Amino acid sequence: MPELIEVELYRQLAEGALDRAIAKVDAPDDWYLKRGTTAEELRAALEGRSFVQARRTGKWLLLDIGGDDGEPSGVLGLHFGMSGRLLVDGTGPIERLEYAPDRSEAKWDRFALAFDDGGGLRMQDPRRLGAVELDPDETSLGIEASTITPAQLRSVLARSHAPLKARLLDQNHIAGIGNLLVDEMLWRAGLDPARPASSLSPAELRRLHRHLRTTIAELTARGGSHTGDLHQARVRGSTCPKDGTPLERRTVGGRTTYSCPRHQR
DNA sequence: ATTGTGGCCTGCCCGC
DNA sequence: TGCGGGCAGGCCACAA
């Protein structure tokens, strides 16, 4: 469930891990290291160094590593899948994570760093769907959703025959939106998730852009992707909070989709 | 390139 | 009380 809202909270948390010398890397789960990254590589790249900046694009948290000469020497990329949590010095910004257990168990620790000062950074992920990578491919990520412009959104959707929802979930074109956010913004915008992406009129495009930006901003202020007005109705047999129509549940773009057949057109 | 499908992973919850 | 199956969603490999 970590979508860009949750990962942004993790990024802010990670600012508390900057400029602290890394004493030890603990990468106990090889499966969790992706795209050829190895535990040995991580130790070589991180031990004795420190992070100089905490960035985010879409659902990726990107920690710039400072080199011996003070110049950036690499990037540690963290991805949280749907059940990944970030903890710095044992505490995190999110207590309850949708679709993940509330508890904390040591066996869910997939990656950890110990700092010289005795603190640490830890990634917990019960379902192991997250990832740790050294120098992740940032160029393949699409436009950051939270700041996308109307013209950029138009170009993302242009000439695509994929369902609107599938396109908005495609991280290679627009980065950061997950299944909960997309259902919420399409519900607010009154757009059918199954519409071909390129079928929106100029007025509908403007409407979608406005709701995309305000949905992200509002749910950020409320504290998470699960705080949308549609969210409590994302269960079987519920009705539209807007007009009371029985909600439709189907698969669009390979994902469970709730929408209102009456006002989403 | 684009789009769709199945699979991965694990914990939880339901019905029997 | 135990067990099996379905489900959740992020993303990747693969097929057409």
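With a requirement of 3 or more residues that are out of contact with any Gly (no Cβ under 7 Å at 6 or more places or on another chain), the strands (runs of 3 or more DSSP E) lying completely within region A:31-88 that satisfy it span A:50-57, A:60-66, A:72-79. Applying the criterion of being more than 16 Å from DNA strand B (Cβ to nearest atom), over 14 Å from A:H263 (Cβ atoms) and not in a helix (DSSP H, G or I) to the residues of region A:183-223, the residue that is modelled with the lowest pLDDT is A:G223. Take the conditions under 22 Å from A:Y10 (Cβ atoms) and assigned to a helix (DSSP H, G or I) and apply them to A:K165. Does it pass? Spelling it out, it is not the case that A:K165 is under 22 Å from A:Y10 (Cβ atoms) and assigned to a helix (DSSP H, G or I). Of the residues making up region A:13-26, not a single one is in a helix (DSSP H, G or I), crowded, with 16+ Cβ neighbours inside 10 Å and touching a Gly at 6+ places or on another chain (Cβ under 6 Å).
For region A:111-162, the candidate set comprises residues that are free of Cβ contacts under 8 Å to residues at least 60 places away in the same chain, part of a loop (DSSP other than H, G, I, E, B) and within 15 Å of DNA strand C (Cβ to nearest atom); within that set, the residue that is surrounded by the fewest Cβ atoms within 10 Å (Cβ to Cβ) is A:H161.
Go through region A:57-106 residue by residue and tally those that are of a type in the set (D, E, K, R), more than 24 Å from A:G118 (Cα to Cα) and touching a residue at least 60 places away in the same chain (Cβ under 8 Å). Total satisfying the criteria: 2. For region A:205-228, check the following and say yes or no: at least one residue is over 25 Å from A:E8 (Cα atoms), among the acidic types (D, E) and surrounded by fewer than 22 Cβ atoms within 10 Å (Cβ to Cβ). Checking region A:205-228: not a single residue is over 25 Å from A:E8 (Cα atoms), among the acidic types (D, E) and surrounded by fewer than 22 Cβ atoms within 10 Å (Cβ to Cβ).
Scanning region A:229-252 for residues that are within 16 Å of DNA strand B (Cβ to nearest atom) and under 30 Å from A:Q12 (Cβ atoms) yields A:Q232, A:R234. Of all residues in region A:224-265, those satisfying the criterion of being within 16 Å of A:I5 (Cβ to Cβ), part of a loop (DSSP other than H, G, I, E, B) and within 12 Å of DNA strand C (Cβ to nearest atom) are A:G224, A:G228, A:L230. Whether any residue in region A:255-265 is in contact (Cβ under 8 Å) with a residue 24 or more places away in the chain, of a type outside the set (S, T, N, Q) and within 20 Å of A:H161 (Cα to Cα) is what I want to check. Scanning region A:255-265, I find at least one residue that is in contact (Cβ under 8 Å) with a residue 24 or more places away in the chain, of a type outside the set (S, T, N, Q) and within 20 Å of A:H161 (Cα to Cα), so the answer is yes.
Checked against (1) crowded, with 16+ Cβ neighbours inside 10 Å; (2) touching a strand residue (DSSP E or B) at 6+ places or on another chain (Cβ under 7 Å), A:R35 passes all but condition (1).
The values are calculated or read from the model by the stated rules, or taken from the named source; none is laboratory data. Because the structure is predicted, anything quoted here is derived from the model rather than measured. Cβ: placed from backbone, ideal geometry, glycine included. Neighbour counts: every protein chain shown.
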